[in-house]
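**Q** Handing you a structure now.
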Amino acid sequence: MKYAAPTTVDDARSLLADNPGSRVFAGATDLVPQFRGGRPSPPLLVDLKHIDRLMSLTHEDGQWTVGAALPTSQLTGNAGFTAAFPGLAEAAGLIGSDQIQNRSSLGGNLANASPAADSVPALLVNGAQAVVATADGTRTVPARDIATGPGQTSLAEGEFIIEFTLADPPAGTGEAYLRMIPRSEMDIAIVGAAVRLTVDGAAVTDARVVLGAVAPTAVSVPDAEAALTGAALTDGGLDDATLAAIADAASTVCNPIDDKRGTIAYRRQVAGVLAKRAAAIAAERARNGA
Amino acid sequence: MTATENPTYTWVGTRPIRHDGYDKVVGKARFAADLDLPGQLHTAYLRSPHPHARILSIDTDAAAAMPGVRAVVTGADFPDLDPMNPNFDVSVNVMARDVVLYNGHAIAAVAASTRAEARSAAAAIDVEYELLPAILSLDESTADDAPLVNENNITRFVESDGPSNLATVNVNERGDVEAAFADADLVVEREFETAWVHQGYIEPHACVVDVGPDGRADIWASSQGHFMVRAVTAAVLGWEPSRIKVTPAEIGGGFGGKTTIYLEPVAARLSEKSGRPVKSVMSRDEVLRATGPAPAAKVRVKIGATSDGDLTAIEGWLGYAVGSANDFAGLVGAMSVASYKFPNLKLEAIGALTNTPKTAAYRAPSAPHAAFAVESVIDEIAQQLDLDPIEIRLRNAVVEGDPTAMGMPHPRIGFVECLEAIRDSEHYRSPVPEGAARGIGTGFWFNIGEQSSATVNVNEDGTATVITGSPDIGGSRASMALMAAEELGIDVYRITPVVAGTETVGFTDITEGSRATFATGMAVVNACRELVEDLKARAATILGVEAEAVDWVDGEAVADGKDPLPLAAIAAKAKSTGGPLTETASLNAGGAGPSFAVHCCDLAVDEETGHVEILRYTTAQDAGTAIHPSYVEGQMQGGTAQGIGWALNEEYVYDDEGAMQNAGFLDYRIPVASDLPMIDTIIVEVPNPAHPYGVRGVGETGIVPPMATIANAITRATSVRMTSLPMSPPKILERLGER
Amino acid sequence: MSRTHVTCTVNGDEVDFLAADDTSLLDALREELGLTGAKEGCGTGDCGACSILLDGRLNCSCLVFAPEAEGRDIVTVEGLADGDHLHPLQQAFLEGAALQCGVCTPGFLVAAKALLDENPDPTETEIRYGLAGNLCRCTGYDKIVRAVQEAAVQLNGAGK
Amino acid sequence: MPRVHLMADHRRFTDGVATLEVEGATVGAVIDELERRYPGLGELLTHGASAGIDGVIHADPQYLAVGPDTDIWFVAPLSGG
């Protein structure tokens, strides 16, 4: 297995074109365990961290651009970004230890296509767009269209994610991400739940709810979004009926599996609990931000 | 030898910086995997993907022809031992012969110039299997028509009429339990189960082996006992032990799991075949798939009590799933639950074989499973009788002279003192925090003595070197130095404690059973006492007085009318007074004192997710005498943390094919720092009369109480009695849903 | 087998080595440079025993490919002490008995340094979460957390 | 004579008797006498038991001297972690 560290998107593109079967990587936090687990290694590893564009974080004209290979510790360490996207920052900050945080990236977390990826539900509730390097240019697609199943993506051979774009959230928006793990750290989510709410005065005007680890890919919960949209918001937060409806909707939309990390029944039940709790936090944040 | 009452010591009980500490904080300490020899080869193993299969053929030709490959071995390269040979099971576990007994069982190993080459070659070995029925649980193993797990297994310690799935049986009985249950005011009976759990040492097994052209082997190994490594490696190879020299590397944790061997004979054979040194290091995946977990268990316990809270009878059946072969020396640990004065008792423990990795000792082997059950039932009795959980235990606690489960009377023990220490602690006296609940649990371990040797040399500058053969897992060198400093009367930093190899110190058994500070410490004390006699005689010569006129006080020879003669001055005249100052002592120590512990835990349960948060934890344990209190606390805290992991999240997850699904630290979830609070320690000191300083040994007991302590707190928090370990969030939520 | 020539700074010294491209930085440090302080406990980034600083940031060296070290600045446990003068963390670990077997200790020391570099006055909870990537099976973490607290006091008291 | 205490699973050799007096100046001699009286029992005690004497467990007790007032508890062998 050879290693290459191109410094431009074009160079990376050429390396991938010239070496079929190659893999791009940023942190390799998933890749190395896969190799050690016996997964055949590719002929060439293309390190994306030397391409400035993939390592940058900018905020211009109401839009954040996050390099796909940027270590998540640099996202969580950016005060502007964490203020704008507290839930996404929380999610990014949950990917493994401090050691992992200095390697893991949003691009890797999404392109690895683990159903349990922490940052993905939070990316999706924020409507992130992925800018993808193609064989001869770039294309921009919703982040939600990248992962298609466990370990499967819509990226063609030789394609890789350059960056994500996220529009500034409207005033009165709050978001939150919660996950369930058996320990307090270092685990893969058994369930993850991201909620983003926008409020106008005393009611929710826009709601997005996405769950992780309960289906082959991160899934939206339209019924929860419907229950939230228009829901009243008081000093006490969302009312119990709305919270119950969110929990029900989240549990219903699950299509989880039994595995070493959790059972179907457990994931279903806890998906509802976390969706409800994340909604309550998002509502609180939205009120404070409104 | 008896311990002094209320002794006042100069060094014993102090907390010096450990002598090997500097090397360990600057990265210089040499663990086995840190050693490299010129020209060394690296190994890779082929391991069985099936839990039980006959090996029809192994084709290693392609592997042997691959780049960098210097040697390949299979079971055919090792002699077949007689099944009654005590090392038979280890021999088969090291390398499968005709049958693989578990998924992960070693089938072949390759030595090559690089690890990558070795791995590629191992993968190119072609094996033909005939699958055999696999037993993956205790219930399957003990079923009437169960297929045999291991056709060579004969039940130990009882008469046996042929191969069986039963590994060992241990029955203890007194009084009449049936009559006692009939008379009891309250009888509580429950069944509990526990999962396979791993010792989880951070250092994977490793060794470097160099077999020379003369056929002699040099082995550097991380183990709990290098004389054990020598003996067992020799047995597996069919060699005389003296052909092998074992140098102990630093050991990166063991907890019982390194009281046996896996790699050394294979590396030796590969070195012999290749003529090159061979370094063999397991991956974490191999550690979990192929080295010693502790048994899974099923425990049924029935306890009777009077309405006043007197425990009148206990009946218990304790079944342990011990894996594919058994060197699980008895199940006496299961009997450690008899911490109470049950007048009537009937306990039966069995070990049953399963097509899973051969189990190995893990801290207080077999006691945690049993204590989980018994301490849970006693707590339930306390709740039903509305008694304080400590009061009911105090009321029934064994004291000196009360019988153990085996009937033998207890020596002086400190159970009552530990219960009182928790009862009187700030933790127990403070109110339970809002939203939390408190649990109590106890445990004990017998501890063992065994053989140890020590040599003490006084150097020409008046310093001393203390040489023992006990691998130092948790700071025992510092304890040896403290005891020597106390005896010799010199500064602890003027003593260099050394763990020496098989050719440079007398035979010493494994560091296990909390015996190092106890038994090896006793050898050190004995050697020092002989040395002091010699020093006094030399001083008499120098001072020109009768030997009887010399006393040894604070590191000096003292005689009436003479200036005191410090040790350094005597050392400087060693040559002219009879030659080098050195003494050696060896012994087979009896009198290891049992150590009891009582734990107290506050926790909160998230009733919507089943997640448990440990909020506060206090442990009181009888150390006899704490030679180095910091490392006594460390043993108490470490055992407790392992017990908390066992209680909450640790378990082997197998698929239907017997393949471990969580063979890594990501999904085999040992506690991380943020899972735990500070673990407060109360060292109780009830000296062991059989040790010159009263040492009991503290390593084992700490892991025994946490499971019940936590279960009892969860019950008090949720009104649900958890009977299955681990008490992971899914299991707790499921039980909460049944309320 | 072709090997790549890598030049980098390790513990203040410019060094170079040859390594196959798929060699981990951990293996390169241990086998090519003889720096065996960093340990392999898992090889998958889950235990932290191989922790190093890479351009000042905490990393598991088992997850870093050796060629990635080209031109970078690396600090291992061997580089924490200033000559014979131990780093306050090392001293606190010794005095506080914050190690038993010692195999996780190098990783903890490096991780704790990274933590205190970033957050000189961490709370107990911050220490526990900051060190959650480092597994210790011997101590129950109690004495490790206390040693980091003590080292923080020492470092802050030194006027840093 | 030394008093011998048997574990429950060894009492089937003795018709359920748990405690008996057995002649012998050492534990080994006592085991030999037990084997003579109850064929098979001595073999199990030699290879599958430790002896607790005066509150102290001995793993290899063969040559330990015992007196007329000694209680010998045969217990399953013990190891540790």
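The values are calculated or read from the model by the stated rules, or taken from the named source; none is laboratory data. Predicted, not measured: the structure shown is a model, and the values here were computed from it. Using ideal geometry, Cβ is built from the backbone for each residue, glycine included, and neighbour counts are taken over all protein chains shown. When the accessible area is computed, the model is the full protein with side chains, heavy atoms only, and any ligands, DNA or RNA have been set aside. Shrake-Rupley method; radii C 1.70, N 1.55, O 1.52, S 1.80 Å.
**Q** Which helices (runs of 4 or more DSSP H) sit wholly inside the range A:1-98 and have at least 2 residues that are over 24 Å from C:A69 (Cα atoms) and open to solvent by less than 40 Å² (accessible area, probe 1.4 Å)?
**A** Answer list for the range A:1-98: A:79-84, A:86-92.
**Q** Can C:G133 be described as part of a helix (DSSP H, G or I), within 12 Å of chain A (Cβ to nearest Cβ) and buried (at least 23 other Cβ atoms within 10 Å of the Cβ)? Lay out the reasoning, then the answer.
**A** Values: part of a helix (DSSP H, G or I): no; within 12 Å of chain A (Cβ to nearest Cβ): yes; buried (at least 23 other Cβ atoms within 10 Å of the Cβ): yes.
No, not satisfied.
**Q** Right, another one. Does A:A133 satisfy the criteria of being closer than 30 Å to C:G107 by Cβ and not hydroxyl-bearing (S, T, Y)?
**A** no
**Q** Does C:Q91 meet the test of being in contact (Cβ under 8 Å) with a residue 12 or more places away in the chain, more than 20 Å from A:D98 (Cβ to Cβ) and in a helix (DSSP H, G or I)? Show your work before the answer.
**A** Values: in contact (Cβ under 8 Å) with a residue 12 or more places away in the chain: yes; more than 20 Å from A:D98 (Cβ to Cβ): yes; in a helix (DSSP H, G or I): yes.
Here the answer is yes, as C:Q91 does meet what is asked.
**Q** Check off (1) open to solvent by 30 Å² or more (accessible area, probe 1.4 Å); (2) of a type outside the set (D, E, K, R); (3) within 14 Å of chain D (Cβ to nearest Cβ); (4) over 21 Å from B:P365 (Cα atoms) for B:Q451 and give me the number that stays unchecked.
**A** That leaves (4) as the condition not met.
**Q** Now a separate question. Testing B:G702 on (1) part of a helix (DSSP H, G or I); (2) of a type outside the set (F, W, Y); (3) surrounded by fewer than 24 Cβ atoms within 10 Å (Cβ to Cβ), one condition comes back false. Which one is that?
**A** It fails just one condition, (3).
**Q** With C:G56, C:G83 as the choices, which residue is modelled with pLDDT under 95, under 25 Å from C:L115 (Cβ atoms) and open to solvent by 10 Å² or more (accessible area, probe 1.4 Å)? Give the steps one after another, and end with the answer.
**A** Numbers: C:G56 fails: modelled with pLDDT under 95.
Selected residue: C:G83, the only one of C:G56, C:G83 that is modelled with pLDDT under 95, under 25 Å from C:L115 (Cβ atoms) and open to solvent by 10 Å² or more (accessible area, probe 1.4 Å).
**Q** While we're here: Exactly one of these conditions fails for B:L186: (1) closer than 30 Å to D:S50 by Cα; (2) surrounded by fewer than 19 Cβ atoms within 10 Å (Cβ to Cβ); (3) at pLDDT 95 or above; (4) not charged (D, E, K, R). Give me its number.
**A** Only one criterion is unmet by B:L186, namely (1).
**Q** I need a count of the residues in the range B:349-370 that are of a type in the set (A, V, I, L, M, F, W, C) and either part of a loop (DSSP other than H, G, I, E, B) or away from chain D (no Cβ under 11 Å) (or both).
**A** 6
**Q** Mind listing whichever residues of the range D:58-81 are within 11 Å of the chain's Cα centre (by Cα), part of a strand (DSSP E or B) and more than 7 Å from chain B (Cβ to nearest Cβ)?
**A** Those that are within 11 Å of the chain's Cα centre (by Cα), part of a strand (DSSP E or B) and more than 7 Å from chain B (Cβ to nearest Cβ): D:D71, D:I72, D:F74.
**Q** I need the full set of residues from the range B:148-178 which are more than 14 Å from chain D (Cβ to nearest Cβ) and either assigned to a strand (DSSP E or B) or open to solvent by 50 Å² or more (accessible area, probe 1.4 Å) (or both), in order please.
**A** Taking the range B:148-178 first, the residues more than 14 Å from chain D (Cβ to nearest Cβ) are B:148-153, B:162-165, B:178.
Once the filter is applied, which keeps residues that are more than 14 Å from chain D (Cβ to nearest Cβ) and either assigned to a strand (DSSP E or B) or open to solvent by 50 Å² or more (accessible area, probe 1.4 Å) (or both), the range B:148-178 yields B:L148, B:E151, B:N152, B:P163, B:E178.
**Q** Consider A:R267 against the criteria (1) open to solvent by 30 Å² or more (accessible area, probe 1.4 Å); (2) out of contact with any helix residue (DSSP H, G or I) (no Cβ under 7 Å at 6 or more places or on another chain); (3) under 19 Å from A:A213 (Cβ atoms): it satisfies all of them except one. Which criterion is unmet?
**A** Every listed condition holds for A:R267 apart from (1).
**Q** Can you name every residue in the range C:24-78 that is part of a strand (DSSP E or B) and within 7 Å of another protein chain (Cβ to nearest Cβ)?
**A** C:S51, C:R57, C:L58, C:N59, C:C60, C:F65
**Q** Is the range B:393-409 home to any residue that is more than 26 Å from the chain's Cα centre (by Cα), open to solvent by less than 10 Å² (accessible area, probe 1.4 Å) and among the charged types (D, E, K, R)?
**A** Yes, the range B:393-409 has at least one match.
**Q** Shifting gears a bit: Of the residues in the range D:28-39, how many are open to solvent by less than 20 Å² (accessible area, probe 1.4 Å) and farther than 13 Å from D:L6 by Cα? Step through it out loud before you land on a result.
**A** Going residue by residue through the range D:28-39, those that are open to solvent by less than 20 Å² (accessible area, probe 1.4 Å) are D:28, D:30-31, D:34.
Those left that are additionally farther than 13 Å from D:L6 by Cα: D:28.
Residues that pass the stated criteria total 1.
**Q** Here is a follow-up. Could you count how many residues in the range A:198-222 are part of a strand (DSSP E or B), under 17 Å from A:D248 (Cα atoms) and open to solvent by less than 50 Å² (accessible area, probe 1.4 Å)?
**A** The total comes to 7.
**Q** Being buried (at least 24 other Cβ atoms within 10 Å of the Cβ), in a helix (DSSP H, G or I) and in contact (Cβ under 8 Å) with a residue 12 or more places away in the chain is true for just one of B:V266, B:V246. Which residue is that?
**A** B:V266
**Q** Looking at B:D560 and the list (1) touching a Pro at 6+ places or on another chain (Cβ under 9 Å); (2) open to solvent by 50 Å² or more (accessible area, probe 1.4 Å); (3) part of a loop (DSSP other than H, G, I, E, B), which single condition is not satisfied?
**A** Going through the list (1) touching a Pro at 6+ places or on another chain (Cβ under 9 Å); (2) open to solvent by 50 Å² or more (accessible area, probe 1.4 Å); (3) part of a loop (DSSP other than H, G, I, E, B), B:D560 breaks only (1).
**Q** Quickly run through the range B:399-423 and pick out the residues that are assigned to a loop (DSSP other than H, G, I, E, B), within 13 Å of chain D (Cβ to nearest Cβ) and in contact (Cβ under 8 Å) with a residue 40 or more places away in the chain.
**A** If the condition is that a residue be assigned to a loop (DSSP other than H, G, I, E, B), within 13 Å of chain D (Cβ to nearest Cβ) and in contact (Cβ under 8 Å) with a residue 40 or more places away in the chain, then B:D402, B:T404, B:A405, B:M406, B:G407, B:H410, B:P411, B:R412, B:I413 are the ones that fit.
**Q** In the range A:137-158, what residues are touching a Ser or Thr at 6+ places or on another chain (Cβ under 8 Å) and without any contact (Cβ under 8 Å) to a residue 60 or more places away in the chain?
**A** Within the range A:137-158, A:T140, A:V141, A:D145, A:I146, A:G151, A:S154, A:A156 qualify.
**Q** Among the listed residues C:L99, C:L155, which satisfies the condition of being more than 19 Å from A:I95 (Cα to Cα) and either touching a Lys or Arg at 6+ places or on another chain (Cβ under 8 Å) or acidic (D, E) (or both)?
**A** C:L99
**Q** To continue, here is another question. Of all residues in the range B:87-122, which are part of a loop (DSSP other than H, G, I, E, B) and either free of Cβ contacts under 8 Å to residues at least 12 places away in the same chain or among the β-branched types (V, I, T) (or both)?
**A** Restricting attention to the range B:87-122, the residues satisfying the condition of being part of a loop (DSSP other than H, G, I, E, B) are B:87, B:95-98, B:101-105, B:113-114.
Selection gives B:T114 alone.
**Q** Under the condition of being more than 7 Å from chain B (Cβ to nearest Cβ) and touching a Lys or Arg at 6+ places or on another chain (Cβ under 8 Å), which residue from the range C:102-122 is nearest to B:E203 (Cα to Cα)? Steps first, answer last, please.
**A** Of the range C:102-122, the ones more than 7 Å from chain B (Cβ to nearest Cβ) are C:107-108, C:110-122.
Keeping just the survivors that are touching a Lys or Arg at 6+ places or on another chain (Cβ under 8 Å) gives C:107, C:114, C:120.
On the way: C:G107: 12, C:A114: 23, C:P120: 30 Å.
Per the stated criteria, the residue is C:G107.
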